[in-house]
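What follows is a set of notes on a single structure, which appears directly below.
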Amino acid sequence: MQKNISKRAIICLIFLLSVSLLGCTVILQKGRRSDVEKISELTTKLNELDQTKRLLEDRLRQEIADKQVKVQMLEKGLTITFVSEVLFDSGKSKIKPEAYEALDKVATILKENVPDLDIGIEGHTDNVPIKYSSWKSNWELSSARAISVLHYIVDKKGVLPERVAAIGYGEYRPIASNDNKEGRQQNRRVEIVILPKTTKAKDLNKPVKAKTKPRLEETEENLK
């Protein structure tokens, strides 16, 4: 009698283990398919950004050769870096007319080649305190410059406003030493970041719309 019970118990245990193993197999297979789809989607997006990078490098080859612009694939996205002196006079947020051509090239690619990707515009400065201009701090200046670029590509060049956000980091995201002239020049910059589709703007350096209000006469003058 005990032998029969033992046999039945063993049979039941084998059956339950078989069902459990089959269930695990199904789950793992589904997981693999999902991972493959995600990897495929990510690869497509990275290829799209890589193609856009090559196109930007071709259109901006003169500006890149003159060390006015850099195009880099960074962790946060495809980044077009403008040296501030190319876009603005010292202490100002009005875009210089001679910078329009380079910005136009970028805006065209943003509209035609990556129309579904979000864009973050970041303003950066060196660590030299504001002395002779009316800005309260480097935060205000960097924010105003980022917003000026935003207004230009949206209001003048037709990039969809819902795709774009601007933020000013002031002196707090340096890429070089502020102890020498060359380093400070590198730190004074505006970055236009094309964000991967799989990553939201708020998750990468949190490029939300700047809360700091720039001087109205500066930004309005730029739009005239």
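For region 141-151, 3J(HN,Hα) computed residue by residue from phi via the Karplus equation (6.51, -1.76, 1.60; θ = phi - 60°) reads 5, 5, 5, 5, 5, 4, 5, 4, 5, 4, 4 Hz, glycine and proline entered as x.
Starting with the fewest neighbours, write out LEU55, LEU87 ranked by other beta-carbon atoms found within 10 Å of each beta-carbon.
Values: LEU55 17, LEU87 25.
Lowest count first: LEU55, LEU87.
Taking 29 Å as the cut-off for C-alpha to C-alpha distance, list the pairs among LYS111/LYS136; LYS92/LYS157; LYS94/LYS197; LYS53/LYS156; LYS111/LYS131 that go past it. Write down the numbers at each step before the final one.
Details: LYS111/LYS136 35 Å; LYS92/LYS157 22 Å; LYS94/LYS197 31 Å; LYS53/LYS156 23 Å; LYS111/LYS131 39 Å.
From the list (LYS111/LYS136; LYS92/LYS157; LYS94/LYS197; LYS53/LYS156; LYS111/LYS131), the Cα-Cα distance tops 29 Å for LYS111/LYS136; LYS94/LYS197; LYS111/LYS131.
Counting other Cβ atoms within 10 Å as a rough exposure proxy, the listed residues TYR132, TYR172, TYR152, TYR100 run TYR132, TYR172, TYR100, TYR152 from fewest neighbours to most. The residues HIS124, HIS151, when put in order of fewest to most other Cβ atoms within 10 Å, stand as HIS151, HIS124. Remark: region 98-197 carries a charge dipole of roughly 180 debye about the Cα centre, counting +1 on each Lys and Arg Cβ and -1 on each Asp and Glu Cβ.
Rounded, prolate or oblate: which fits region 111-182 when a ≥ b ≥ c are the square roots of the eigenvalues of the alpha-carbon gyration tensor, with rounded for a/c under 1.5 and prolate only if a/b beats b/c? If you can, show how the numbers build up before the last one.
Working: a/c = 3.11, a/b = 1.95, b/c = 1.60.
Prolate.
No lab work stands behind these numbers, since they all come straight from the coordinates. This structure is a prediction, so every number in the text was calculated from the model and none was measured. Ideal geometry is used to build each Cβ from the backbone, glycine not excepted, and the neighbour counts take in all protein chains shown.
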